[in-house]
1. If you keep only loop residues by DSSP, which trypsin sites (Lys or Arg not before Pro) in the range 39-82 have at most 13 other Cβ atoms within 10 Å of their Cβ?
2. Can you list the GluC sites (Glu not before Pro) in the range 204-309 that are in a DSSP coil and have 15 or fewer other beta carbons within 10 angstrom?
3. Between the range 260-290 and the range 214-228, how far is it from one alpha carbon centroid to the other, in angstrom?
4. Out of the DSSP beta bridges found with both residues in the chain, what percent are antiparallel (nearest 5)?
5. Heavy-atom accessible area per residue, the chain, 1.4 Å probe: how many Å²?
6. What number results when the radius of gyration of the range 242-308, computed over Cα atoms, is divided by 2.2 N^0.38 Å?
7. Give me the three principal axis extents of the range 143-294 from the C-alpha atoms, as integers in angstrom, largest value leading.
8. Which helices of the chain meet both criteria: a Cα extent of 20 Å or more along the helical axis and a mean Kyte-Doolittle score no lower than -1.0, with helices taken as whole DSSP H segments?
Amino acid sequence: MRLLSAVVPCYNEEENIADFYAEFMKTENFFQSKDIALELWFINDGSRDHTADEVKKLNEKDKRVHLLSFSRNFGKEAAIYAGLEKANGDYVVFLDADLQDPPSLLPEMFAYIEEGYDSVATRRVTRKGEPMIRSFFARMFYRIMKKISKTEIVDGARDYRLMTRQVVEAILSMKEYNRFAKGIFGWVGYETKWLEYDNIERKKGETKWSFWKLFIYSLEGITSFSTAPLAFAAFMGVAFCLAAFALIIFTIVRKALFGDPTSGWPSLVCIISLISGVQLFCLGIVGQYLAKTYMEVKRRPIYLVKEEI
Ligand code: UDP
Ligand code: MG
């Protein structure tokens, strides 16, 4: 008998756990008919509410439900990694606890795995119910990423994915500390089938991603999967050297023809402030990569466990 593991990252999701379980178990009959057993891993990412208790309640009734609690909030990326490490299944699927990733899609997803795909990914084609400004920046992010990264990062891609053991092992072999799952999934390759669906709004509770958190996360994505900003910094350096060279020639010629060495103070101020701004900006880019490298060489664990059931 084969096994399917569902990994559910949870951060303050006490209201959603029971609903999620009920909804997920609706697929039980389908998988039984395929001779596939189920297991559920709730990864409690340092919740400050009763998420862990809710999972324990489920565990008492159903031993296929497992809990892994972190010592604090490590972020969804860490939860995904932990879930992959714990999952025993021949197939693994990630779902959000808020039912934004409908389990009812699983039979269709599984059909593609049987067809021979290594992984079945989902993307939402609408962003209904999301603030306009957030959608705008999200689109910008994907457009920029497409230009500057060789790794395919799909617009609207969710972390809702079903994958085979082979893909799971591939992802586990990427032990980087700065994790950007959307990029990692693309980086490992394999035959991926994309399914599309309309955005579903969260059932209960509220989103854990503030605009600022998303912004930082997008920088993570860029620095993890592209070095184009570094090339951009170098390009700016060359461009400004050329401009400076032209200005020097211009100044010498003007002095030779017209004299007047003292005028031009305002323009000098503008030039100095512009160039020092550009310099600090480029230094900042280098600093971002240095910071990532610094965190990476520390080789800290991606997550720490407090409790496992
Ligand atoms: N999540 C998590 N750790 C975090 C933030 C979120 O494990 O630090 C989980 C959360 O419980 C949910 C999923 O990641 O199951 C997606 O989060 P959310 O629904 O808040 O994001 P959105 O769907 O709004 O992008
Ligand atoms: Mg959500």
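1. On the way: sites: Arg48, Lys56, Lys57, Lys61, Lys63, Arg64, Arg72, Lys76; in loops: Arg48, Lys63, Arg64, Arg72.
Answer in residue order: Arg48, Lys63, Arg72.
2. Loop-located and lightly packed - Glu206.
3. Here the answer is 26 Å between Cα centres.
4. Working: 11 of 35 bridges.
Of those bridges, close to 30 percent are antiparallel.
5. Details: 16900 Å² over 309 residues.
For the chain, the per-residue accessible area is 55 Å².
6. Values: Rg = 23.8 Å, N = 67, 2.2 N^0.38 = 10.9 Å.
Taking the Cα Rg and dividing by 2.2 N^0.38 Å, one obtains 2.19.
7. 76, 34, 31
8. Numbers: long enough: 132-148 (24 Å, 0.35); 211-225 (21 Å, 0.85); 228-258 (44 Å, 2.05); 265-297 (47 Å, 1.26).
In the chain, the long hydrophobic H runs are 132-148, 211-225, 228-258, 265-297.
The values are calculated or read from the model by the stated rules, or taken from the named source; none is laboratory data. Keep in mind that what you see is a predicted model, and the values were worked out from it rather than measured. Neighbour counts run over all protein chains shown; Cβ positions are idealised from the backbone, glycine included. Areas reflect the complete protein model, heavy atoms only, side chains present, ligands, DNA and RNA absent. Shrake-Rupley method; radii C 1.70, N 1.55, O 1.52, S 1.80 Å.
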